[in-house]
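What follows is a set of notes on a single structure, which appears directly below.
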Amino acid sequence: MARMNVNPTRMELSKLRGKLISARRGHKLLKDKRDELMRRFMDMVRENQKLRREVEEAIRKANAHIAVAGSVMQRQQLETALMLPKQEVELNISEQNVMSVRIPVFEATFRSSDTNDIYSYGTAFTSSDLDDAVKALSEVFPKMIRLAEVEKSCQLMADEIEKTRRRVNALEHIMIPDYEDTIKFITMKLSENERSTATSLLKVKDMVLKRSHDYH
């Protein structure tokens, strides 16, 4: 805490009181924003953990199916089966404003709604494990998109929480105490000046009375 270097006048006192009111109001708003950001951040963190477990488990199963398919199919046959995909996907990216944080929104649009288009090969000469792997990856794809969205949102919200926390601390521990100390100093200084002025007026009055009555 440090007293600000200002002239101890009534005008400065009025300005500082207005700034103190604004600082306290801003402090409350920022604290409310920080608390709400923390609440939403924790919700996203829990969703992120759940999605990551599900995505990692699905990918593990798909890899296991691919490994089995690779053991019963020739490498060239496997690569040929996956060479020309039939399905296409377009990723649209937009933004959503959440407590002044612009978080991403990912939306995947598939070229075809036919679920069989995930298979780019005929099933007559391929392993059923390859089908299971492709199906598992297709089913987990929307969760992967959502996971990327949530992870980026968590990162952006964490940055905003840290910025808001620093602002709250600056107001709470520096600006508001400085305003309060300076207001207290100016108030005391003005009171001293008023008492000094009152004392001087009394002395002048006493001198005038003495002279008017020719009293020494």
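The values are calculated or read from the model by the stated rules, or taken from the named source; none is laboratory data. Computed from a predicted model, the values in this text were never measured in an experiment. No Cβ is skipped: glycine too gets one built from the backbone with ideal geometry, and neighbour counts run over all protein chains shown. Areas reflect the complete protein model, heavy atoms only, side chains present, ligands, DNA and RNA absent. Shrake-Rupley method; radii C 1.70, N 1.55, O 1.52, S 1.80 Å.
Laid out as a table, the results:
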quantity: Tabulated pairs, the stretch 165-182, first in contact (Cβ under 8 Å) with a residue 40 or more places away in the chain and over 19 Å from S14 (Cα atoms), second aliphatic (A, V, I, L, M) and assigned to a helix (DSSP H, G or I), C-beta under 8 angstrom, 6+ apart or interchain; calculated: R167/L30; V168/L30; L171/A23; L171/L30
quantity: Top-ranked residue in the stretch 154-207 [being at pLDDT below 80 and among the acidic types (D, E); ranked as farthest from D32 (Cα to Cα)]; calculated: D206
quantity: Residue satisfying all of: in the stretch 118-140; in a loop (DSSP other than H, G, I, E, B) and crowded, with 18+ Cβ neighbours inside 10 Å; modelled with the highest pLDDT among these; calculated: S127
quantity: Members of the stretch 89-101 found to be closer than 17 Å to D43 by Cα, under 11 Å from the mean Cα position of the chain (by Cα) and either of a type in the set (S, T, Y) or in a strand (DSSP E or B) (or both), listed by number; calculated: N97, V98, V101
quantity: Residue within the stretch 20-31 that is more than 19 Å from D181 (Cβ to Cβ), buried (at least 16 other Cβ atoms within 10 Å of the Cβ) and in contact (Cβ under 8 Å) with a residue 12 or more places away in the chain present; calculated: yes
quantity: Condition met for R102 (touching a residue at least 40 places away in the same chain (Cβ under 8 Å) and out of contact with any Leu (no Cβ under 7 Å at 6 or more places or on another chain)); calculated: yes
quantity: Test result for K86, open to solvent by 60 Å² or more (accessible area, probe 1.4 Å), in a helix (DSSP H, G or I), basic (K, R) and more than 30 Å from M157 (Cα to Cα); calculated: no
quantity: Any hit, the stretch 60-68, residues being β-branched (V, I, T) and without any contact (Cβ under 8 Å) to a residue 60 or more places away in the chain; calculated: no
quantity: Scope the stretch 120-174; condition of a type in the set (V, I, T) and under 30 Å from L20 (Cβ atoms); matching residues; calculated: I161, T164, V168, I174
quantity: For T9: the one exception among (1) closer than 30 Å to F185 by Cα; (2) open to solvent by 70 Å² or more (accessible area, probe 1.4 Å); calculated: (2)
quantity: Failed item, numbered, when V55 is tested on (1) outside any strand (DSSP E or B); (2) open to solvent by 60 Å² or more (accessible area, probe 1.4 Å); (3) at pLDDT 90 or above; (4) in contact with a helix residue (DSSP H, G or I) (Cβ under 8 Å, 6 or more places away or on another chain); calculated: (2)
quantity: Residue in the stretch 36-49 that is loosely packed, with under 15 Cβ neighbours inside 10 Å, under 30 Å from M4 (Cα atoms) and of a type outside the set (F, W, Y) present; calculated: no
quantity: Residue satisfying all of: in the stretch 105-117; touching a helix residue (DSSP H, G or I) at 6+ places or on another chain (Cβ under 7 Å) and loosely packed, with under 15 Cβ neighbours inside 10 Å; modelled with the lowest pLDDT among these; calculated: A108
quantity: Residues of the stretch 141-168 that turn out to be in contact with a strand residue (DSSP E or B) (Cβ under 6 Å, 6 or more places away or on another chain) and crowded, with 19+ Cβ neighbours inside 10 Å, as a count; calculated: 4
